[in-house]
Amino acid sequence: MARSIKSLESLPIELQVSILDELSLSTGSEHIEIDGKMYTVHKDVVGLIDNLIAQLEKMRSATSKYKR
């Protein structure tokens, strides 16, 4: 559920987005897109996802030599 920050409501949308992006970066959060939707997650989660992708790519290349 979305929450409102009252002090931002009167500002132009571009400025609101800029301020919220700065706040998210200062809290260690990053934005990721999944199926066209944007999510804000902690940077450690992004690191975990990146490491899992790297491991899958290594496994795929290691096993591809056994495929016909």
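The values are calculated or read from the model by the stated rules, or taken from the named source; none is laboratory data. The shown structure was predicted, so the numbers you read here are calculated from the model rather than taken from an experiment. Don't worry about glycine lacking a Cβ; one is built from the backbone with ideal geometry, like all the others, and counts go over all protein chains shown. Just so you know, the surface numbers come from the protein's heavy atoms only, side chains and all, with ligands and any DNA or RNA stripped out. Shrake-Rupley method; radii C 1.70, N 1.55, O 1.52, S 1.80 Å.
Side notes on the structure shown:
- Relative contact order (%) - the chain, alpha-carbon pairs under 8 angstrom, separation at least six: 15
- Diffusion of the chain by Stokes-Einstein, at 20 °C in a medium of 1.002 mPa s and with Rh set to the Kirkwood radius over alpha-carbon pairs, works out to 142 µm²/s.
- Accessible area per residue for the chain is 92 Å², calculated with a 1.4 Å probe on protein heavy atoms, without ligands, DNA or RNA.
- With both labels modelled 7 Å from their Cα along Cα-to-Cβ, the LYS65 to VAL46 distance reads 3.5 nm.
- When the charge dipole of the chain is built from unit charges on Cβ atoms (+1 for Lys and Arg, -1 for Asp and Glu) and taken about the Cα centre, the candidate among LEU11, THR40, SER64 whose Cα reaches farthest toward its positive end is SER64.
- Partner lysines for LYS58 [C-alpha distance under 24 Å; skip if fewer than 8 residues away on the same chain]: LYS43, LYS67
- Computed from Cα atoms, the angle from the helix 13-26 axis to the main principal axis of the chain rounds to 60 degrees.
- In this rough spin-label picture, where each label sits 7 Å from Cα along the Cβ direction, the SER26-SER7 distance is 0.9 nm.
- Charge dipole magnitude, Cβ of K and R +1, D and E -1 - region 6-60, Cα centre, debye nearest 20: 200
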